[in-house]
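Participant: Below are the structure tokens for one structure; questions will follow.
The values are calculated or read from the model by the stated rules, or taken from the named source; none is laboratory data. Here the structure is a predicted model, which means the values were calculated and not measured. Every residue, glycine as well, gets a Cβ built from its backbone with ideal geometry; the counts of neighbours run over all protein chains shown. Only protein heavy atoms, including side chains, enter the accessible area calculation; ligands, DNA and RNA are left aside. Shrake-Rupley method; radii C 1.70, N 1.55, O 1.52, S 1.80 Å.
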Amino acid sequence: MDIRVSAGDIAAAQADVIIVNLFEGVTSPGGATGAVDRALDGTISRLIALGDIRGRSGEVTTIHTDGKMPAPRVIVAGLGKSEAFDIDAVRNLSANLVRSLRKPAIKDVATVVHGAGIGALDLAACAQAIVEGAVLGAYRFQRHKAATLRDDDRHELVSLTIVEHDATRVSTIEAAVARGRSMADATNTARDLANEPSNHLTPTMLADRARAIAAGANLEIEVLEREDMESKGMGSLLSVAKGSAQPPKLIRISYKGRGGEGYDVALVGKGITFDTGGISIKPAANMDAMKADMTGAASVIAAMGAIAALGPKVDVVAIAPCTENMPGGNATKPGDVVTAMNGRTIEILNTDAEGRLVLADAICYAKELGARNIVDVATLTGAVTHALGDVAYAIMTNNDELASRVEVAASAAGEKTWRLPMFKEYDDFVKSDVADQKNTGTGGRGAGTIVGAKFLEPFAGDTPWVHLDIAGVDMSSSEKGWVSKGATGYSVRALINVAAGFAS
Ligand code: BES
Ligand code: ZN
Ligand code: ZN
């Protein structure tokens with residue numbers, strides 16, 4: 001989809017459909033909607049008077065222009081009550097509209113910046129949200145069903161033109177469009193990686209895809225092989241890889257926008273390309289979902305592409321420890337003790353709590369590389385779904401300031417987060433009788449998501465660190481607003497905002 005900005009009168013736009021909007025309770029439309037209404041000799045006002053258009057949120061009314069305007073159709077999108085309309089609503093509206101326009105007759109769409117008129121929302125934020133919504137809403141993963149696709153499935157919009165009446169605002173909108181485009185493209189890249197089944201995305205293939213992303217964005221990339229991990233003493237990460245026939249890969253991508261020492265922030269993502277549970281094997285039902293146990297890795301890898309495109313003055317490193325978790329003959333067994341890169345020993349009581357094991361060494365590596373802040377993102381626990389459902393993801397931290405930064409960054413991306421406590425009383429949950437710590441909590445004591453974070457905390461040590469458990473939100477069974485079916489790309493835009501927030 002080509003996205004353009006043009007100055008002029010929306011009623012004069014050449015497109016297959018023009019989208020204007022209406023807030024609930026407005027009886028005589030002004031601005032762009034008023035201009036289109038006049039061009040249509042008052043059709044929109046008459047439909048409002050008839051009660052057919054009410055401006056309710058989600059309402060979509062298509063009007064055929066019958067030669068009164070260059071465009072053959074107008075859509076009046078209801079925005080709901082103006083006081084309830086915000087940037088998240090703009091993004092979701094845009095995504096839903098693009099989805100509703102999936103038909104071969106619609107190729108070129110013209111729209112105004114919804115919400116920036118009587119909605120009084122920030123112009124740049126609105127324009128960015130429209131682009132994000134459009135690009136995210138258009139996303140579908142159909143790579144493996146090409147033979148059975150119908151015309152509507154194949155259909156893609158050719159162009160989206162944002163028409164602005166006031167020419168002095170065009171440059172602001174153009175900058176916002178570029179930002180929204182990079183952020184949404186990165187999110188779709190993460191979705192593509194996560195939606196790929198595990199036989200099409202082994203750690204080796206994920207490393208190859210990361211190399212292609214890095215090459216496209218002119219970023220430095222390094223892939224550590226098993227031998228490299230061995231020489232660095234990454235016994236925790238390697239213990240997870242032992243049961244698999246696929247070699248593990250630790251992917252590092254660096255962006256030096258400031259050119260300083262070390263990194264302002266490291267983004268660390270869990271990359272289990274398939275999680276069977278290992279010897280502590282998972283039940284058969286829904287195990288296929290574990291092909292997406294690498295959405296953390298997908299997020300940090302994809303985010304780097306957008307960070308490079310946006311070019312903030314900040315130094316960022318993405319680290320993705322990638323492996324399968326399989327119950328092979330050489331697999332780690334419950335009770336085994338392994339040693340992480342920082343010398344800490346770990347008693348592995350449940351081989352299905354593998355995400356924390358790969359993250360432990362990746363966090364150590366981030367510190368070795370000179371990371372001054374660490375944000376890890378992982379599908380770490382099923383328990384977070386019980387706590388927060390698919391509405392929000394959990395944040396845990398050893399540093400309130402960094403956590404606040406992440407919360408602000410996520411909120412700007414339209415992602416809801418919720419802080420879970422790190423009370424010292426939880427420390428006991430990861431104490432082991434035989435090693436420095438164990439990888440699961442004591443059976444029945446609950447707090448599974450916090451226990452995951454408590455396991456990681458000593459590896460971060462004094463370095464400010466935030467842990468994001470995205471296991472409840474990274475996949476969706478339905479399309480809704482900017483959220484796609486399958487992999488959602490949650491955390492990608494938040495991480496880009498986090499990195500940009502460190503820019504000097
Ligand atoms: N990848 C899973 C967590 C998960 C579960 C993600 C469901 C998405 C949906 C993780 O590796 C895991 O298995 N965690 C265990 C930890 C337990 C053994 C302490 C869990 O949540 O049951
Ligand atoms: Zn697991
Ligand atoms: Zn897992």
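Participant: Taking the conditions exactly as written (away from ligand 2 (no atom under 16 Å from the Cβ) and at pLDDT 95 or above), does Ile363 satisfy them or not?
Facilitator: Yes, satisfied.
Each row is one residue, and each column tells you yes or no for (1) within 16 Å of ligand 2 (Cβ to nearest atom); (2) modelled with pLDDT of 95 or more; (3) out of contact with any Phe, Trp or Tyr (no Cβ under 7 Å at 6 or more places or on another chain); (4) within 18 Å of Asp293 (Cα to Cα).
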{"site": "Gly370", "(1), (2), (3), (4)": "no, yes, no, no"}
{"site": "Thr417", "(1), (2), (3), (4)": "no, yes, no, no"}
{"site": "Pro421", "(1), (2), (3), (4)": "no, yes, yes, no"}
{"site": "Lys431", "(1), (2), (3), (4)": "no, yes, yes, no"}
{"site": "Gly448", "(1), (2), (3), (4)": "yes, yes, yes, yes"}
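Participant: Output yes when any residue across the range 150-169 is assigned to a helix (DSSP H, G or I), touching a residue at least 12 places away in the same chain (Cβ under 8 Å), touching a strand residue (DSSP E or B) at 6+ places or on another chain (Cβ under 7 Å) and open to solvent by 40 Å² or more (accessible area, probe 1.4 Å), and no when none is.
Facilitator: Yes, some residue in the range 150-169 is assigned to a helix (DSSP H, G or I), touching a residue at least 12 places away in the same chain (Cβ under 8 Å), touching a strand residue (DSSP E or B) at 6+ places or on another chain (Cβ under 7 Å) and open to solvent by 40 Å² or more (accessible area, probe 1.4 Å).
Participant: Between residues in the range 38-53 that are in the same structural domain as Ile19 (by TED's automatic domain parsing) and residues that are open to solvent by 40 Å² or more (accessible area, probe 1.4 Å) and hydroxyl-bearing (Ser, Thr, Tyr), which pairs lie under 8 Å by C-beta distance while being six or more apart or on different chains?
Facilitator: Ser45/Thr27; Ser45/Ser28; Ile48/Thr27; Ile48/Ser28; Ala49/Thr27
Participant: Would it be correct to say that Leu136 is aliphatic (A, V, I, L, M), at pLDDT below 95 and either part of a helix (DSSP H, G or I) or under 19 Å from Arg56 (Cα atoms) (or both)?
Facilitator: In short, no.
Participant: Can you name the residue in the range 372-383 that is within 16 Å of ligand 2 (Cβ to nearest atom) and more than 17 Å from the chain's Cα centre (by Cα) and, of all such residues, is farthest from Ile319 (Cα to Cα)?
Facilitator: Ala383
Participant: Tell me which residues, restricted to the range 442-486, are buried (at least 24 other Cβ atoms within 10 Å of the Cβ) and part of a loop (DSSP other than H, G, I, E, B).
Facilitator: Those that are buried (at least 24 other Cβ atoms within 10 Å of the Cβ) and part of a loop (DSSP other than H, G, I, E, B): Ile470, Ala471, Val473, Asp474, Trp482, Ser484.
Participant: Residues to consider are Ala71, Ala84, Ala77; find the one that is out of contact with any strand residue (DSSP E or B) (no Cβ under 8 Å at 6 or more places or on another chain), of a type in the set (A, V, I, L, M) and either at pLDDT below 95 or closer than 18 Å to Asp108 by Cα (or both). Quick ask: steps written out before the conclusion?
Facilitator: Details: Ala71 fails: out of contact with any strand residue (DSSP E or B) (no Cβ under 8 Å at 6 or more places or on another chain); Ala77 fails: out of contact with any strand residue (DSSP E or B) (no Cβ under 8 Å at 6 or more places or on another chain).
Being out of contact with any strand residue (DSSP E or B) (no Cβ under 8 Å at 6 or more places or on another chain), of a type in the set (A, V, I, L, M) and either at pLDDT below 95 or closer than 18 Å to Asp108 by Cα (or both) holds for just one of Ala71, Ala84, Ala77, which is Ala84.
Participant: Considering Gly260, Gly271, which residue is farther than 20 Å from Lys333 by Cα and within 16 Å of ligand 2 (Cβ to nearest atom)?
Facilitator: Numbers: Gly260 fails: within 16 Å of ligand 2 (Cβ to nearest atom).
After applying the criteria, what remains is Gly271.
Participant: Restricted to the range 244-275, and to residues that are open to solvent by 10 Å² or more (accessible area, probe 1.4 Å) and within 16 Å of ligand 1 (Cβ to nearest atom), which residue is farthest from Gly382 (Cα to Cα)?
Facilitator: Applying the filter and picking the extreme gives Ser244.
Participant: Another question about this same structure. Among the residues of the range 254-298, which ones are within 11 Å of ligand 3 (Cβ to nearest atom), of a type in the set (Asp, Glu) and in a loop (DSSP other than H, G, I, E, B)?
Facilitator: Answer for the range 254-298, where residues must be within 11 Å of ligand 3 (Cβ to nearest atom), of a type in the set (Asp, Glu) and in a loop (DSSP other than H, G, I, E, B): just Asp293.
Participant: Have a look at Val377, Val358 and point out the one that is touching a helix residue (DSSP H, G or I) at 6+ places or on another chain (Cβ under 6 Å), within 30 Å of Lys480 (Cα to Cα) and within 16 Å of ligand 3 (Cβ to nearest atom).
Facilitator: Val377
Participant: Restrict the check to the range 350-359 and report whether at least one residue is in contact with a Lys or Arg (Cβ under 7 Å, 6 or more places away or on another chain), away from ligand 1 (no atom under 12 Å from the Cβ) and either more than 20 Å from Gly461 (Cα to Cα) or among the aromatic types (Phe, Trp, Tyr) (or both).
Facilitator: No, every residue in the range 350-359 fails to be in contact with a Lys or Arg (Cβ under 7 Å, 6 or more places away or on another chain), away from ligand 1 (no atom under 12 Å from the Cβ) and either more than 20 Å from Gly461 (Cα to Cα) or among the aromatic types (Phe, Trp, Tyr) (or both).
Participant: If only one of Pro334, Pro312, Pro327, Pro321 is in contact with an Asp or Glu (Cβ under 7 Å, 6 or more places away or on another chain) and modelled with pLDDT of 95 or more, which one is it?
Facilitator: Pro321
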